[in-house]
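Comments concern the structure below.
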Amino acid sequence: MELSDCSNEYEKLVVRMNMPRVVIDNGVCPTSTVVKIDSARSPGILLESVQLLTDMNLWIRKAYISSDGKWNMDVFHVSDLNGNKLTDENLIRYIEKSIETSHYCNSEGYTGLTALELTGTDRVGLLSEVFAVLADLHCDVVEAKAWTHNGRIASMIYVRDGNSGTPIDGDSDRVQRIEGQLHNLLKADDGYQNDTRTCVTYGGNTHMERRLHQRMFMDRDYEKKFDFETSPVVSVQNLEKRGYSVVNLQCKDRLKLLFDVVCTLTDMAYIVFHAAIRTVGETAFLEFYVRHSDGNPVNSEPERQRLIQCLQAAIERRTVKGVRLELCTTDRPGLLAEVTRVLRENGLNIARAKISTKEGIARNMFYVTDANGNLIDPEIIKSIREKIGIDDISVKESFPLSCREAVEKEEQKQEQQHHQARIGGGAVLLSLGSLVMRNLYQLVLVKSYF
């Protein structure tokens, strides 16, 4: 609720009393910035705070979460991608204002676009076929993300009319054609109920990664056997005297880890009353004291096993095997369909994708493997380069192949530059700007995840 919505001074006073209070301190901890948030207890308030810090590409190294009656007291120890404290005063003020006023929204650029939500059985070439259908129906892809996990795929795609640049929701016949053709692509005979959903975003309130978690969860991707050699260690035990279920997780630390876990607990209707998060070296330890929204702890073995599986799946969805390819060039109709077609024709499977088009520049990222999920042959990269007509290919030598975290940091650093530019009112910084000016396709071989 905004103050302008209040009809009298008493209501304004109540709103002010319940607004979160934020203190950001650089003097408490020698290695991280401490963000303290006091707020009235309300559904989803913890997820909102974690989401904001995560979308700022801040690494949460340690956290203490406590709920005393109807009040939350949360403390986060955060650092930037290089492990340093926050020193940008514009960023600090933006975080304070966003949390205190609850005006933060990372999806404002999607206002007025049509959102397509897809789930189904993953297979080689599926995304290529999806983008080809959209191109044939004259739909421009403005923003998109796709995740794959345990043989399933979830994707959120923002589109607009390719001719007018307006949303396509006003043409019901056209929407039905899009839904019908995409639904046919996603059909499978493995017993899963696949679907495609079309909706229009009003005000840009949809958080893409949270929605992808929800779509994967609704598609029950956690039920199939994991293909990873080592899964996160998750345990759930009841604390009978206090009426809590204690959830412990141990896994490799990474960016957005806390967001993925809290998002899943929230979507499963578990309320976090207390939590402690810490990292030792490269390992993260997370402990949550939770109850279901009905006030009860976990009360059956099937419920306990389901909670464990869902948390493991939430953590593993971001674990990608493959080579990261980046494309940055001037956008044009059919570009995305053409590039993904070349990947499909070379037998490559897209394990994860991130698509963005801003100010006429297409910036696309693909994590690819061969059809069996294995490392691709370098000769295939050469073949792709020749088929698309690339004149130059850059290898980011500053990222050693043995260091996966460096690659992830670079990806997040580019997003952080965009946020800081928006906060400070400046132009968006493009790390590949010099390459874009030459209007060349840039496919960047960055990292093997094996």
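Just so you know, all these numbers are worked out from the coordinates, no wet-lab data involved. Values in this document were obtained by computation on a predicted structure and should not be read as measured data. Cβ coordinates were reconstructed from backbone atoms using ideal geometry, including for glycine residues, and neighbour counts include every protein chain displayed.
Subtracting the Cα-Cα distance of Arg41 and Asp267 from 0.36 nm times their residue separation leaves 79.6 nm of extension gain.
Would you mind checking Lys70/Lys241; Lys145/Lys252; Lys187/Lys382; Lys252/Lys382; Lys145/Lys256; Lys354/Lys387 for any pair whose Cα atoms are more than 27 angstrom apart? From the list (Lys70/Lys241; Lys145/Lys252; Lys187/Lys382; Lys252/Lys382; Lys145/Lys256; Lys354/Lys387), the Cα-Cα distance tops 27 Å for Lys187/Lys382; Lys252/Lys382. Converting phi to 3J(HN,Hα) with the Karplus coefficients 6.51, -1.76 and 1.60 and the offset θ = phi - 60°, region 309-314 yields 5, 5, 5, 4, 5, 4 Hz in sequence order, with x at every glycine or proline. Please report the spacing between the Cα centers of region 342-368 and region 252-276 in Å, no decimals. Using only Cα atoms, the two centres lie 29 Å from each other. Between Glu223 and Glu386, residue separation times 0.36 nm minus the direct Cα-Cα distance comes to 54.6 nm. Rg/Rh for region 25-104 stands at 0.95; both radii use Cα atoms, and Rh follows the Kirkwood definition. In loop segments of region 52-155 as defined by DSSP, there are no chymotrypsin sites (Phe, Trp or Tyr not before Pro) with at most 11 further C-beta atoms inside 10 Å of their C-beta. Taking label positions 7 Å along the Cα-Cβ direction at both Ser300 and Asn26, the computed distance is 5.3 nm, reported to one decimal. The stretch between Asp88 and Phe285, if pulled fully straight at 0.36 nm per residue, gains 68.0 nm over its current Cα-Cα span. So if R0 is 41 Å, what FRET efficiency would Ser293 and Glu379 give, r being the distance between their Cβ atoms, rounded to the nearest 0.05? Once rounded, the FRET efficiency stands at 0.15.
Evaluating 6.51 cos²θ - 1.76 cosθ + 1.60 at θ = phi - 60° for every residue in region 271-276, the Karplus couplings come out as 9, 8, 9, 9, 7, 9 Hz, glycine and proline recorded as x. Evaluating 6.51 cos²θ - 1.76 cosθ + 1.60 at θ = phi - 60° for every residue in region 353-365, the Karplus couplings come out as 9, 9, 10, 8, 10, 9, 6, x, 10, 8, 10, 10, 10 Hz, glycine and proline recorded as x.
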